[in-house]
Amino acid sequence: MAASASLAAGGASGGGGTGAGFELRSAKVRPALAFFDGERRLRLRYSFRAERALDLVVRVVRAGDGRTVRRWVGHDLAPGRMHRRRWDGRRGDRGVPADGSYEFRIGPTGHRGARAGRFEFHDHRFPVAGRYSYGDRFGAPRSGGRVHEGQDLPSPCGTPLLAARGGRVQARGYSEALYGHWVLIDGLATRHDHFYAHLEAPSGVGDGDRVRTGERIGRVGKTGNARSEFCQLHFELWPRGYRNGSPRDPLAPLRDWAGFA
Ligand SMILES: [Zn+2]
């Protein structure tokens, strides 16, 4: 059948059986670079041809191995109409899939589905939206026998700061002696907390506010003990939460996130 040729190209078989001549006509995915809990939610729009209304399976699969991370079934979908699907960045078990390339696939039940658009997915975003360098490392000695509990990122004063991961603002405050203006964010779907310090001014987000990955949370400054130095972000990562355990060296994750900033 003519209709099955294009389906086969999309990786599925079709024809007059359950597929009812299914053929994907158009598909568009936005944005091409998506962040977990990001400000722009991932959206798929598509239309198809078929002899009648169909139940269609829409899947998000890993581009490399084709493994399904999320699956939906739409019932009695009309051919020729535009259909929409949004993805919140979670697997079926509510976990968050690994960073990488993914694609949507669409097809009748029991078929592999036609390719419907590829995108990059990341679960964090680099927190400095501008020029920066890597300054003092985690573990560097500090006065009074303290050690440096984060990674410094020197950056021009006023550079926007973004939430590395969406979540809930746990606290914010000001410390003259150490951190200046700071904000602590509890990362969604993780136990991680992220701490941002030396902000130019109090963060524009308040206690308990919900923030999205990549949302503006302030500007780079030199408040607190950075006042005699230069503008910089002091960034901490607390894998089991700020009130539990201890911070971890955030340099490796920061370098990862920098790769797609
Ligand atoms: Zn620091």
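When G74, G64 are screened for being part of a strand (DSSP E or B), more than 15 Å from the chain's Cα centre (by Cα) and touching a residue at least 12 places away in the same chain (Cβ under 8 Å), only G74 passes.
The selection criterion, being touching a residue at least 24 places away in the same chain (Cβ under 8 Å), in contact with a helix residue (DSSP H, G or I) (Cβ under 9 Å, 6 or more places away or on another chain) and within 18 Å of A114 (Cβ to Cβ), holds for R49.
No other residue among A27, A78 is surrounded by fewer than 14 Cβ atoms within 10 Å (Cβ to Cβ), over 30 Å from G187 (Cβ atoms) and at pLDDT 95 or above apart from A78.
Note on the range 92-156: enclosed strands (runs of 3 or more DSSP E) holding 1 or more residues that are of a type outside the set (S, T, Y) and closer than 22 Å to G221 by Cβ are 151-154.
In the set (1) surrounded by 13 or more Cβ atoms within 10 Å (Cβ to Cβ); (2) under 16 Å from H198 (Cα atoms), the condition left unmet by A177 is number (1).
Of all residues in the range 191-212, those satisfying the criterion of being under 12 Å from R165 (Cβ atoms), surrounded by 16 or more Cβ atoms within 10 Å (Cβ to Cβ) and more than 16 Å from the ligand (Cβ to nearest atom) are H192, D193, V211, R212. Sort through W238, W182 and tell me the only one that's away from the ligand (no atom under 13 Å from the Cβ), among the aromatic types (F, W, Y) and not assigned by TED's automatic domain parsing to the domain that holds R40. It is W238. All conditions in (1) at pLDDT 95 or above; (2) surrounded by fewer than 17 Cβ atoms within 10 Å (Cβ to Cβ); (3) within 16 Å of the ligand (Cβ to nearest atom) hold for Y132, with the sole exception of (2).
The values are calculated or read from the model by the stated rules, or taken from the named source; none is laboratory data. Predicted model only: the values in this text are computed from it and were never measured. Glycine also receives a Cβ, built like all others from the backbone with ideal geometry; neighbour counts cover every protein chain displayed.
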